[in-house]
1. For the stretch 305-322 and the stretch 1-72, compute the distance between their C-alpha centroids and round to whole Å.
2. What does the charge count near Arg317 come to, summing +1 for each Lys or Arg and -1 for each Asp or Glu among other residues with Cβ under 14 Å from its Cβ?
3. How much length would be gained if the chain were fully extended between Ser10 and Asn171, taking 0.36 nm per residue of separation minus their Cα-Cα distance, in nm to one decimal?
4. Return the subset of Lys56/Lys267; Lys56/Lys159; Lys112/Lys225; Lys16/Lys192 for which the Cα-Cα distance in this structure is over 25 Å, preserving the input order.
5. By per-residue mean of other Cβ atoms within 10 Å, what is the highest-first order of 72-83, 20-31?
6. Calculate what fraction, in whole %, of the accessible area of the stretch 1-87 sits on carbon and sulfur atoms when a 1.4 Å probe is rolled over the protein chains.
7. According to the square roots a ≥ b ≥ c of the eigenvalues of the Cα gyration tensor, what is the shape class of the stretch 170-286, taking rounded for a/c under 1.5, prolate for a/b larger than b/c otherwise, and oblate for the remainder?
8. On the protein heavy atoms, probe 1.4 angstrom, tell me the percent of accessible surface of the stretch 286-349 carried by carbon and sulfur.
Amino acid sequence: MLKISPKFVSAVQNAKSLAELFPMLQNAIELEHSTIPPYLTALFSFKANTESDIRKVIHSIVIEEMLHMTIAANILNAVGGCPAISRPDFVPNYPTHLPMGIGGSLVVGIEKYSLDVVHDVFMEIEEPENPIEFKSMTLAATEATYKTIGDFYRALQAKIAELAPDELPGNPAKQVTSSFFSSDLLYPILTKTDAINAINVIVEQGEGSEVSPLGTDDELAHYYKFEELYKGRELVRDPSAPNGYSFTGPVIPFDPTNVWPLYPNTKAEMLPQGSEERRLLDSFNQTYSNLLFGLHQTFNGHPDNLNNTIGLMFDLRLACQKLAEMPFPGQDGYTIGPSYEFVQPNTQV
């Protein structure tokens, strides 16, 4: 189970004004973003036209992480802050620990898809405080401490409920909505109740509830989606099971030969200057940085930019697919992975 550094929870609990929550909400945005490059890399590491079932699951999780990042930005704007996205220190230097000391010894890298990565990294990131054990039908013992990402969000939720007026002070024109997401999940954060309900979306999509693997949208929470991939079977409703679900659904097949052998935690400096490999990786990083710039603009007064910005992910996918097919110079048996390194954006999205 991931643990969060106590100082961040204490900072939330001890806040005396909404302004003192600004850095905590900025941290939440950074946390949601930090999971996207590892998940995207696993998604992009499959060879063309293979593993469609696994792709669908990971793609759905990436989209929801983008939703969570947008919700956190909306809440920060709603309470009077300003999200900061397009800057070098926003981008993790993978392999790395997650923001806010989350994860303790867990190191999150940029790696190809594997069952070990799903179990040891992705499930660890998304694990709730009391994961439902569908095989043994037992729950882990509850401890009265803040440990998980969900606990951090619930602390934020409680403090907003305590400090915020019913009508939040932020500029409503900065609120981001999009046809890309359901209006039940992404909506303007205008009131204290809106903020509290939006945090519920983030927590339950990631962890589920204490009694169900489903989130607020009646889809499996991220933890259980990854558990499906690890176990190789869908989690389905099962009236005969005490918890109402079991891993007895259709098989989710996986053939490791369908994954490109990406060199883990590739960096641009590893590739020869002037080479085609370096040019393509530099282009990937430029597109990634342009995407962050577009999100920064979106969250700071240009909400209509969101759909165009999300479109840059298609360019990222194409670049990553080309890299994945290129042998890594000097590293026999490996191909080139993406590196997600920040460079100065060159576009006005």
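1. When both Cα centres are located, 18 Å separates them.
2. Working: positive: Lys47, Arg55, Lys322; negative: Asp315, Glu325.
In short, +1.
3. Details: separation 161, 0.36 × 161 = 57.96 nm, distance 2.80 nm.
Stretched out fully, the Ser10 to Asn171 stretch lengthens by 55.2 nm.
4. From the list (Lys56/Lys267; Lys56/Lys159; Lys112/Lys225; Lys16/Lys192), the Cα-Cα distance tops 25 Å for Lys56/Lys267; Lys56/Lys159.
5. Details: 72-83: 24.2, 20-31: 20.8.
Highest-to-lowest ranking by the protection proxy: 72-83, 20-31.
6. Values: 1500 of 2690 Å².
That share works out to 56 percent.
7. Values: a/c = 3.39, a/b = 1.21, b/c = 2.79.
Oblate.
8. Details: 1330 of 2890 Å².
Carbon and sulfur together cover 46 percent of it.
The values are calculated or read from the model by the stated rules, or taken from the named source; none is laboratory data. Computed from a predicted structure; not experimentally measured. Don't worry about glycine lacking a Cβ; one is built from the backbone with ideal geometry, like all the others, and counts go over all protein chains shown. Heavy atoms of the whole protein, side chains included, go into the accessibility calculation; ligands, DNA and RNA do not. Shrake-Rupley method; radii C 1.70, N 1.55, O 1.52, S 1.80 Å.
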